[in-house]
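This is the structure I want to talk about, given as structure tokens.
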Amino acid sequence: MRKTLRMLGVGLAAASALTLVQAPAANAATKTLWAEESVRIRAKATTNSTALGLMPKGASAAGVVDGSGSYVRYFGGAHNVCDSRGYIDYNQWNKVTYKGITGYVPEPCMVPFKP
């Protein structure tokens, strides 16, 4: 069984060896995240996954947080979008709900404040 992993000082090298994690319970706590640029919401945490919708730049969504209020990061497919600084192996994603669509967006595309 896959478990949720929270990014708390885990090095990228260790994180890159991980796979997708299971989704949290439907009643998981959330906080607002904003899209720093337009971004596709994916069914799974990978760029090869089906696009469920598009979040425009500046739109807000509910992002999953853990018990301490920190955003939960999911590890899946590598990408080099937004502020990942071109690292093709950057593989962190946020799970969000936007206008009734729940899915995954690349973590560097989302910020905890309105851009």
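The values are calculated or read from the model by the stated rules, or taken from the named source; none is laboratory data. The shown structure was predicted, so the numbers you read here are calculated from the model rather than taken from an experiment. Cβ placement follows ideal geometry from the backbone for every residue including glycine, while neighbour counts extend to all protein chains displayed. Note: accessible area is taken over every heavy atom of the protein model, side chains too, but ligands, DNA and RNA are not part of it. Shrake-Rupley method; radii C 1.70, N 1.55, O 1.52, S 1.80 Å.
Excluding M55 itself, what net charge comes from residues whose Cβ is under 9 Å from its Cβ, given Lys and Arg +1 and Asp and Glu -1?
Neighbourhood net charge equals +3.
Please list, in chain and number order, the residues 5+ apart from E37 or on another chain whose amide H is under 5 Å from its amide H, with Hs placed from the backbone.
G58
Separate question: Quick one: accessible surface of S60, probe radius 1.4 Å, all protein chains present, in square angstrom to the nearest 10.
Only protein atoms counted, so the area is about 60 Å².
Could you work out how much longer the chain between S60 and A28 gets when fully extended? Use 0.36 nm per residue separation minus the Cα distance between them, nm to one decimal.
Fully extending the segment from S60 to A28 adds 9.8 nm.
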